Amino acid sequence: MYYNDNTIVFFNGQWVKAKDLMISPYVQSMHYGNAVFEGIRSYGTPDGTRIFKSEEHFKRLLFSAKKMHIKVNYTIEELTNFTYQLLEKNNLGNAYIRPLIFAGTNMSLIPSDESHIILCAWEWEKYLGTKLLDVMTSSYQRPNPKSCHVETKVTGHYVNSILASTEAKEKGFDEALLLDMNDNVAEGPGANFFFEKDGVLYTCPLGNILPGITRATIIELCEELGIKIVEKHFKPEEVKGSDSAFFTGTAAEVSGINSLDKIPFKLKWDDSIGSILQSKYIRRVAFNEYGKFSLV
Ligand code: PMP
């Protein structure tokens, strides 16, 4: 699904076949989870293949690497150029792009001098599918910002996401909604969260979540469309039985939610603000409606 015998990836400045890529068993990141990554999408637009908000994604990647003391020898511009070459070499238009930067051989717990970079891409459907989701409040909390840099995309943080998604699936739900250390709603395992009540959209402020690039796009779209949006802390009780809700993320795009803890949202999805934003988002990323966004 992710690669075949012909798939080419970028590895430390070289183009190599994915199937031939060799990594030392002693890389620090594999043992301790200190690698950083991004999830980016490209779309086949009327102007050709375009990476959506490439600059924002690579900026976040370099920020994550800096916070984790991982060296990166490439600029945002170089990374963007290599990514376009990657798409071309693999004949990809609508694609999901995964840059990964990891520390080198080092079994200690101090930063490594050596680092490695992989850029790979594949065709990926909407991550959470297209049907409305039944979501449960997770028994797992998002990591406490005093225990790690929650605003970065570090591989180790996704242990928490895997546990939450697995718990939800085992209990018959489609996805989890995690709270922060104060029991306020934070985000999904791989997406930010919004809900609608009486014509107003709510999402939690930055601080205990990954600052999603899709979240920022949704806020920008709300401003353009005159939709009132409020960033505040809230408990799951406020969400349950409200008008509608959705997740946002590069992989998930905008994914509507049917229920939280088996309590359905009041509005039909098609009548919700989320539904309007879902179609505007796709028009923004995949058609010629770029507004003020950067499409490199
Ligand atoms: N929160 C988490 C924990 C995520 O993994 C993601 C996906 N990167 C998001 C939110 C959404 O971020 P973005 O919109 O930048 O993809």
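The values are calculated or read from the model by the stated rules, or taken from the named source; none is laboratory data. What you are looking at is a predicted structure, and each value in this text was computed from that prediction instead of being measured. We place every Cβ from the backbone using ideal geometry, glycine too, and count neighbours over all the protein chains shown.
In table form, for the structure just shown:
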{"quantity": "Strands (runs of 3 or more DSSP E) contained entirely in region 48-156, each with at least 2 residues that are among the aliphatic types (A, V, I, L, M) and in contact (Cβ under 8 Å) with a residue 60 or more places away in the chain", "calculated": "95-103, 115-122, 133-141"}
{"quantity": "The listed residue being more than 11 Å from the ligand (Cβ to nearest atom), within 18 Å of the chain's Cα centre (by Cα) and of a type in the set (D, E, K, R), out of Glu187, Glu167, Glu175", "calculated": "Glu175"}
{"quantity": "Among the residues listed as Thr155, Thr203, Thr166, the single one being under 22 Å from Asp270 (Cα atoms) and hydroxyl-bearing (Ser, Thr, Tyr)", "calculated": "Thr203"}
{"quantity": "Answer residue from region 221-261, given it is surrounded by fewer than 18 Cβ atoms within 10 Å (Cβ to Cβ) and closer than 19 Å to Glu151 by Cβ and is nearest to the ligand (Cβ to nearest atom) among those", "calculated": "Glu231"}
{"quantity": "Flag if Thr137 is in contact with a strand residue (DSSP E or B) (Cβ under 8 Å, 6 or more places away or on another chain), at pLDDT 95 or above, of a type in the set (Ser, Thr, Tyr) and within 14 Å of the ligand (Cβ to nearest atom)", "calculated": "no"}
